[in-house]
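Take a look at the structure below.
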Amino acid sequence: MQTTASSAEFTLPDRHHIDRRSPARLVFSLALHRWYGILMLLGGSLGNAALAGTVPLLIGRAFNAVIARPSQLDVLRQLALLIGLYQLIRVVLQFVRNFGAEWIAQGIERDLRDELYSNLLGKSMTFHSLQSVGDIMARATNDVREVNFLFSPGFNMVIGSLSFLVMPLIMAPRYHPALIATPLAFTVLYFFAVRYYLGQLVPVTEDVRATFGKLNSHLSEALDGIETVKGSAQENNEVERFRGFARDNRDASVRQGDAEARFLPMLLFGIATAAGLLHAMLLYRQGLLDVGQVVGYFGLLMLLDFPTFTSLWAYTQISLGMASARRILELINQETDLDQNKAGFSGPMRGKIEFREVNFAYPDSDEGTLCDMNFTIQPGQTVAVVGQTGSGKTSLIRLINRTYDTRTGSVRVDDVDVRDWNLEALRRGISIIEQDVFLFSRSIADNIAFGKPGASREEIEAAARAAQAHEFILSFKEGYETVIGERGVTLSGGQRQRLALARAFLTDPSILILDDSTSAIDSATEDGIQRAIFAAARGRTTLLITHRLSQIRWADVIIVLRQGKIAAIGHHEELLQRSEAYRRIFRE
C-alpha cells in the first residue's frame, strides 16, 4: 500500500499504515486492518437479507394453506415455526453485522485519533503558528468522531440496504420471470437518484463541517482570551461574533436538510410498490399467479423499504464522514518545514554555539527579523542578549533548538549545523524557559518532571529547592501532588516561573536559555533566584535574555541587538563606554 511521506519533527513507528492519497483510501486502509470485522459485516448482512427474502415466500405459502379447503393446519404450524426460526437467526445475524461494523468503526476512530495526534506533535512551529487551535480541535475531536459514524451506522446501513436490494432481484423470478421488471427498474433508478443526491449533498456537508470548524475556532479563541475580553468589556461584541458563526453553521445545516428533503428514492419506492402490486394482480387475473404468490411477491417488494428509508440518513452520514476525513487528511498531509533527522549527529553536547551569516524571517513576514548574525559562544560561557522590544532576541534563541530554521546562513552547536543534529538529541541538550510559562493541568511534581518523566521524588525536590520553589510548594495542602489548573492559572506569575526553572534544572541541559524568565519574580525572591541561576550556569552555556542589570552585569559576554542586527558585543563596562544602543536600554 502506498503512502505519501512527509517530513516531521517527531514521528512514531508507522503502526497504522494509512493511505494518504484520498479520504476514501484513508478510511478503508484503516478498515482493512480489521478484515475479520468486514467479514462479519458482509456475512451478517447477506445472511440477514437472504432470510428476509425467504420469509415472504413462506408467508405466501401460509396464505395458500389458509384459503385451501380444508385448511392445512399442519402446514401452517410448520410454516409458523420455520418463520419464527428464521427470524431468530436474523436477530443473531443482525447482531453479528452490527458488532462487526461497530468494531471496525471504533478501531478506525482510535487509530485515526492516534495518527492525527502523533502527526500534530510532529508539525513544526511554523505550521502551528499559522493554524487555529479551535479548528484543529474540531478536526481532532468532532471530525474524527464523524469518521466513526461513517462506518457505523453509515456504511453498515448501506451494506445492509444493498443486500436487501439484491434479494427481490433474485427471488422475484421464482414466481414469474416478468416480475423482475419492477425491482430491476427501481434498483437502476435508485442508484441514479442516490448519485444525484450525493452530488447535491457532498458540498453542503463539507460546508457544514467547515462552518463548525470556524465556530469552534472562535469559541476556543474567546475562551483562551477570556481575560482580555472581560478586561475590555467586550462580552457583547464577542457574543454577536459568535452568533454570526453559529448562524453560518445553522444555515449550512438547513441547506443539508433541504437536500435531504428532496430525496427521490422515497417517491420511487411508493411508485414501485404500487406498480409491482398492479403487475402481480394482472398476472393473477391471467391465472399465472395464485394468491400466496401475489402476497409473497408484495412482501419481496416491501424489502425495498429498508434501503429507501435507511439510505436517507446513511448516505448523509457517509457524506459527513467523508467531508470530515477530507479535513483530517488535509491536516495530516500539510507539509512541515522541519524533520527529526533520525540519522543525524547525537553525540554528547559541550555547549558551543556559533552563528554564521544568519538571516531569518518569519513565514508570514516579508521583512527580515534577523540580519547578518555572526558571533560565537564558547562552552560554559554566560551570555546576556539585550535589546529593545522587537529587536529579535526571542527569534535568535528559537534558531538554536530549531524551533525555526534560518533563511540563510547556519547555526552551529559544537561545530555541527543544527540541521545536521538528530533533533531529539539537540533539544534534549537545550532547555528554554520563556517569559510566558506553560504548565500542564497535572500535579506540581509531574510538571517539574515533564522533561525527565522517570525522575525520582528526591531529584524533583532538589530541583525545586534550587529554583526557590520548595517552600511555596509545601504550603499547598497536597504539596507536590497538588494539581494545578491549565497553564498554571492557580499560581502567581512568580510561582509559575520558579516551577519552570525547576523543570529546567532537573533536565540538566548543556545549554540553558532564560528568555526574560525572572520578570515576574518579586524582589524578595530575586536574590535566591539569582543565586540559583548563577549556580545552574556553572559548567553549562547559559543565555540570558533580560533587562535586569543585576543579571546582565555578571554575564561573560553581552550581545546588543537593535532592529534585528548586532549593534555591539562586549562586557558591561566597555559597552557603557562605546555603545549608544546599550546605554539607551538603561535610559528607557
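The values are calculated or read from the model by the stated rules, or taken from the named source; none is laboratory data. In this text, all values refer to a predicted model and were calculated from it rather than measured experimentally. Counting neighbours? That spans all protein chains shown, and the Cβs are built from the backbone with ideal geometry, glycine included. We work out accessible area using only protein heavy atoms, side chains counted, and drop any ligands, DNA or RNA first. Shrake-Rupley method; radii C 1.70, N 1.55, O 1.52, S 1.80 Å.
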Rounded to two decimals, the Rg over Rh value of the stretch 24-102 from Cα coordinates and the Kirkwood Rh reads 1.26
Mind computing the radius of gyration and Dmax over the alpha-carbon atoms of the stretch 168-273? Å is fine for both.
-> 23.8, 80
What order do you get for 145-158, 247-260, 345-358, 439-452 when each peptide is scored by the mean count of other beta carbon atoms within 10 Å, highest first?
-> 145-158, 439-452, 345-358, 247-260
Only one of the values (i) 39, 27, 25; (ii) 71, 24, 22; (iii) 70, 29, 19 was calculated from this structure for semi-axes √(5λ) of the Cα gyration tensor in Å; name its label.
-> (ii)
For the chain, whose charge dipole is built from +1 on Lys and Arg Cβ atoms and -1 on Asp and Glu Cβ atoms, the candidate among GLN340, PHE375, LEU41 with its Cα farthest towards the positive end is LEU41
Taking the dipole about the Cα centre of the stretch 167-326, with the C-beta of Lys and Arg at +1 and of Asp and Glu at -1, give me whichever of ILE271, THR310, ALA178 is farthest to the positive side.
-> ALA178
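Report, to the nearest whole %, how much of the accessible area of the chain belongs to carbon and sulfur atoms, 1.4 Å probe, protein only. Numbers along the way, then the final one.
Numbers: 16100 of 28340 Å².
It is 57 percent, rounded to a whole number.
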Hey, got the dipole for the chain? About the Cα centre, +1 on K and R Cβ, -1 on D and E Cβ, debye to the nearest 20?
-> 1460 debye
Could you tell me which GluC sites (Glu not before Pro) in the stretch 81-145 are loop residues by DSSP with no more than 15 other beta carbons within 10 angstrom of their beta carbon?
-> none
Euclidean distance of C-alpha centroids, the stretch 113-175 and the stretch 293-315, integer Å = 26 Å
Cα-based reach from LYS352 at 23 Å (exclusive), listing lysines while leaving out same-chain residues under 8 positions away = LYS342, LYS393, LYS565
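Which order do the peptides 41-49, 545-553, 570-578 come out in when sorted by mean C-beta neighbours inside 10 angstrom, highest first?
Working: 41-49: 21.1, 545-553: 17.2, 570-578: 13.3.
Result, highest mean Cβ count within 10 Å first: 41-49, 545-553, 570-578.
Please report the relative contact order for the chain, taking Cα pairs under 8 Å with a sequence separation of at least 6, and give it as a percent rounded to a whole number.
15 percent.
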Check the straight Cα-Cα distances from LYS214 and name the lysines below 25 Å, setting aside those fewer than 8 residues away within the same chain.
-> LYS123, LYS230
Mind checking which helices in the chain clear 20 Å along their axis (Cα) and have mean Kyte-Doolittle hydropathy of -0.5 or more, DSSP H runs only?
-> 35-67, 73-122, 156-171, 181-224, 265-285, 305-333, 493-507, 523-537
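Taking K and R as +1 and D and E as -1, what net charge do the other residues with C-beta under 14 Å from the C-beta of LEU289 add up to?
+2
In debye, nearest 20, what is the charge dipole magnitude of the stretch 102-246 about its Cα centre with +1 on Lys and Arg Cβ and -1 on Asp and Glu Cβ, if you could check? Can you show the working numbers first?
Numbers: 12 positive and 16 negative charges, 121 e Å.
The calculated dipole for the stretch 102-246 is roughly 580 debye.
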For the stretch 378-439, the fraction of alpha-carbon pairs in successive 10 Å shells from zero, as % = 17, 50, 30, 2
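Just to confirm, what accessible area per residue do you get for the stretch 188-270 at 1.4 Å probe, in whole Å²?
On the way: 5180 Å² over 83 residues.
So the stretch 188-270 comes to 62 Å² accessible per residue, rounded to a whole number.
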What the 10 Å binned alpha carbon P(r) of the stretch 199-341 shows, as percent of pairs per bin from 0, is 10, 22, 20, 18, 13, 9, 6, 3, 0
Rg and Dmax of the stretch 304-416, Cα atoms only, in Å | 24.4, 81
For the stretch 136-227: rounded, prolate or oblate by the Cα gyration tensor [a/c cutoff 1.5] | prolate
Stick to Cα atoms and the Kirkwood definition of Rh, then tell me Rg/Rh for the stretch 74-171.
-> 1.30
